[in-house]
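Below is one structure, written out as structure tokens; the observations come after it.
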Amino acid sequence: MSVVSVSMPDELLNRIDQFAEDHGYTGRSEVIREASRNLLGEFQDKELEDRELMGVVTVLFDYETTNVEEKMMHLRHEHESLVASNFHSHVGGHHCMELFVLEGTLDDISTFVGKVRATQDTLTVDYSVTPVDDFGPLADMD
């Protein structure tokens with residue numbers, strides 16, 4: 001098995017170590033391997049391929065110490081045909097939440113979520129994906 005060196009903040013490393021201990025993992029390598037497998041498998045759901053989907057992506061960041069808001073604006077414009085709606089809100093003392101409603105294919109939504117996750121200084125990125133034809137008038141056509 002190959003050995004890989006990964007840089008991460010001490011706080012995240014401490015959380016990984018605590019998670020490993022709390023959940024019976026043999027160590028941080030096992031946690032990171034499982035997290036990697038899960039991340040890589042997230043958008044490989046065969047039931048979602050070739051379907052029109054709706055996705056909701058929520059991003060939380062600290063607006064005082066970063067330029068994440070500007071990066072989110074650039075992503076919104078770069079993926080203008082995918083982003084059906086976008087909402088920005090201030091949360092707490094110095095945090096912001098950016099919410100994106102997406103309409104598109106699994107590949108398009110996966111690409112967008114990947115770019116959001118790769119944005120440095122985001123605190124959390126959550127998302128959900130729902131087939132559009134699972135509800136409403138389109139569902140009755142089957």
Extension gain (nm, one decimal) between ARG117 and LYS46, 0.36 nm per residue minus Cα-Cα: 23.3 nm
Kirkwood Rh for region 20-91 from C-alpha pairs, in Å, is 16.0 Å
Would you mind ranking GLU11, GLU52 by Cβ crowding within 10 Å, fewest neighbours first? GLU11, GLU52
Taking N as the number of residues in region 49-137, what is its Cα Rg relative to 2.2 N^0.38 Å? 1.11
Take peptides 69-77, 19-27 and line them up by average Cβ neighbours within 10 Å, highest first, as a rough protection proxy. 69-77, 19-27
Out of ASP50, ASP126, ASP17, any idea which swings most in a Gaussian network model of the chain, alpha carbons joined below 10 Å? ASP17
Hey, rough spin-label estimate for TYR63 and HIS23, points 7 angstrom out along Cα→Cβ, what's it come to in nanometres? 3.3 nm
With Cα coordinates, the longest principal axis of the chain makes an angle with the long axis of helix 106-117, in degrees rounded to 10, of 40 degrees
Given the Cα-Cα distance of LEU13 and SER85 and 0.36 nm per residue of separation, how much length would full extension add, in nm? 22.4 nm
Spacing of the two label points (7 Å from each Cα toward its C-beta) at ILE32 and SER2, in nm: 1.3 nm
In degrees, nearest 10, the alpha-carbon axis of helix 28-41 is tilted away from the dominant principal axis of the alpha carbons of the chain by 10 degrees
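Values quoted throughout were computed directly from the atomic coordinates according to the rules given, and no laboratory measurement underlies them. Since this is a predicted model, take the numbers as computed values, not measurements. Quick reminder, even Gly has a Cβ in these numbers, built from the backbone with ideal geometry, and neighbours come from all protein chains shown.
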